[in-house]
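The values are calculated or read from the model by the stated rules, or taken from the named source; none is laboratory data. No experiment lies behind these values; they were computed from the predicted model shown. Counting neighbours? That spans all protein chains shown, and the Cβs are built from the backbone with ideal geometry, glycine included.
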Amino acid sequence: MTAAFSLPFQAPPVRELTEAETVAAFDAEVAEFEAHPQELPALADPDGPTPLRMTQGARAAAIADKVSDDAIRTAIADPDELEPDPAGNGRIRLRRGTLRVVLARDGAVLSVRDRKPRGRS
């Protein structure tokens, strides 16, 4: 006589982090990087800047808002504001002036928005 026998495995519950804990962890990580800044050598790139890795939606939004790749690179290199994205997954939201950029953990540009005032046409 054969009977199917299985032991169900239930993983331990995952503890959700609160918004305050997420912000505190992010601030601690930024403070750690700022405590030990490292100067990068200024090397001339003969081939020019590397192309940005962007999702199709981010590329379409950048074209629609007339945002150049150089403006996005500048926002990434020297943001006015830096915060974790509420969507999570290690995403980072950057702001420089009216330009907002959302980056994935691997550095790919996920979203681009330029909130500059629009004149009447």
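Of note:
- Tally, over segment 91-121, of residues that are small (Gly, Ala, Ser), modelled with pLDDT under 90 and farther than 19 Å from Thr50 by Cα: 2
- Evaluation of Ile76 against (1) surrounded by 15 or more Cβ atoms within 10 Å (Cβ to Cβ); (2) in contact with a strand residue (DSSP E or B) (Cβ under 6 Å, 6 or more places away or on another chain); (3) at pLDDT 90 or above (one fails), failing number: (2)
- Just one of the numbered conditions (1) modelled with pLDDT under 90; (2) of a type in the set (Gly, Ala, Ser); (3) more than 17 Å from the chain's Cα centre (by Cα) is not true of Ala64: (1).
- Only residues that are closer than 22 Å to Val23 by Cβ, over 9 Å from the mean Cα position of the chain (by Cα) and either surrounded by 14 or more Cβ atoms within 10 Å (Cβ to Cβ) or not aliphatic (A, V, I, L, M) (or both) were counted across segment 84-98, and they come to 5.
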